[in-house]
Every structure is written in structure tokens, then in C-alpha cells.
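A.B. asks: Quick one: the structure is below, questions incoming.
The values are calculated or read from the model by the stated rules, or taken from the named source; none is laboratory data. Values in this document were obtained by computation on a predicted structure and should not be read as measured data. All Cβ positions, glycine included, derive from the backbone under ideal geometry; neighbour counts span all protein chains shown.
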Amino acid sequence: MGTAPDAGQLMTMLLKLVDVKKTIEVGVFTGYSLLLTALTIPEDGKIIAIDLNRDSYEIGLPVIKRAGVDHKIDFREAEALPVLDQLLKDVKIGYLIIFIFFFNVFLYFLIFMWNLLSPTRSKPII
Ligand SMILES: C[S@@+](CC[C@H](N)C(=O)[O-])C[C@H]1O[C@@H](n2cnc3c(N)ncnc32)[C@H](O)[C@@H]1O
């Protein structure tokens, strides 16, 4: 597991906020973030999961299967860059999706900062 649990929670929150259906995961390892993504996206969602090493993915695969989300995963044992290059050639709209995703994340960041720096914001209860 290479993703911290709190980072995993943030990731699932972002996936829900942007209402993601298709994702690409680079660096699967045993599949912790992959499992979180597969559990979060809709039933007909798809994940292209890329890793150099299939062995580590197969350690986590029984858990992914037990969660009933393995049908959403298209695992590719490969170096990520050539696979990403090919995906962008196949689906030009990919650029648009990446742009929209980052635009939305940027927008949420601006709203968050606006609230944080606003002099009228409510004080945190600590
Ligand atoms: C930190 S781990 C990923 C952790 C995982 N996301 C999780 O939540 O447990 C990094 C993974 O990236 C893979 N990796 C590193 N360089 C890569 C590359 N160029 N292409 C594809 N996979 C790569 C490694 O094999 C390793 O499994």
C-alpha cells in the first residue's frame, strides 16, 4: 500500500465531486488506490490501471474480486508513458477530460482559499 488512508479519502472525495466515470491509474502496486477508485466510480465505470509489475497487482486482486469491482479494471502490465501516448492517440477527447478535471480541481481550490481567507468566515471550533 503506497497511498496513505487520508490521501485515499481525499481521492475518493474528488472522484465523487467531479463525478468521474473513467479513470487511468499509473502505479498500481497492490491496488489500494485502485480498489478505492473502483468502489467509488459508478457500476459501468472503467479504470485503465498501468503498472510495470503484475505480481504486486495480483497480491491485491483477490480483495478487489471479493469487493465485486474487478470488472471495472483493465490492468496493463507496461511502462506507463507509451500506454498513455497510445491512449491519447486513440482518444483525442482525453485532453479535454484532463483539462476539465484540473479546471474543476482548481476551481474547488479557489473556493476553498476564498473561504479560508475571507475575514467573515466562521472560526474553526478547536
Ligand atoms: C507507490 S506505488 C503505487 C501505490 C498504489 N497507488 C497504492 O495505492 O497502493 C508505485 C508503483 O508504480 C509503479 N511504477 C513505477 N514506475 C512506473 C512506470 N514508469 N510505469 C508504470 N508503473 C510504474 C511501480 O511498479 C509501483 O508498483
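A.B. asks: When the residues of the range 1-44 are filtered to those that are within 21 Å of Glu58 (Cα to Cα) and of a type in the set (Ser, Thr, Tyr), which remaining residue is modelled with the lowest pLDDT?
C.D. replies: Per the stated criteria, the residue is Thr3.
Okay, residues lined up against (1) under 16 Å from Thr12 (Cβ atoms); (2) in contact (Cβ under 8 Å) with a residue 24 or more places away in the chain; (3) within 13 Å of the ligand (Cβ to nearest atom):
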{"site": "Thr37", "(1), (2), (3)": "yes, yes, yes"}
{"site": "Ile47", "(1), (2), (3)": "yes, yes, yes"}
{"site": "Leu52", "(1), (2), (3)": "no, yes, yes"}
{"site": "Gly60", "(1), (2), (3)": "no, yes, yes"}
{"site": "Lys65", "(1), (2), (3)": "no, no, no"}
{"site": "Val69", "(1), (2), (3)": "yes, yes, no"}
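A.B. asks: What is the number of the single condition among (1) over 29 Å from Phe109 (Cα atoms); (2) in contact with a strand residue (DSSP E or B) (Cβ under 6 Å, 6 or more places away or on another chain); (3) not aliphatic (A, V, I, L, M) that Ser56 does not meet?
C.D. replies: (2)
A.B. asks: Assess whether Asp74 counts as being more than 8 Å from the ligand (Cβ to nearest atom) and in contact (Cβ under 8 Å) with a residue 24 or more places away in the chain.
C.D. replies: yes
A.B. asks: Let me ask something else. Consider only pairs whose beta carbons are under 7 Å apart and that are at least six residues apart or on different chains; among these, list those whose first residue lies in the range 6-31 and is free of Cβ contacts under 8 Å to residues at least 12 places away in the same chain and whose second residue is assigned to a loop (DSSP other than H, G, I, E, B).
C.D. replies: none
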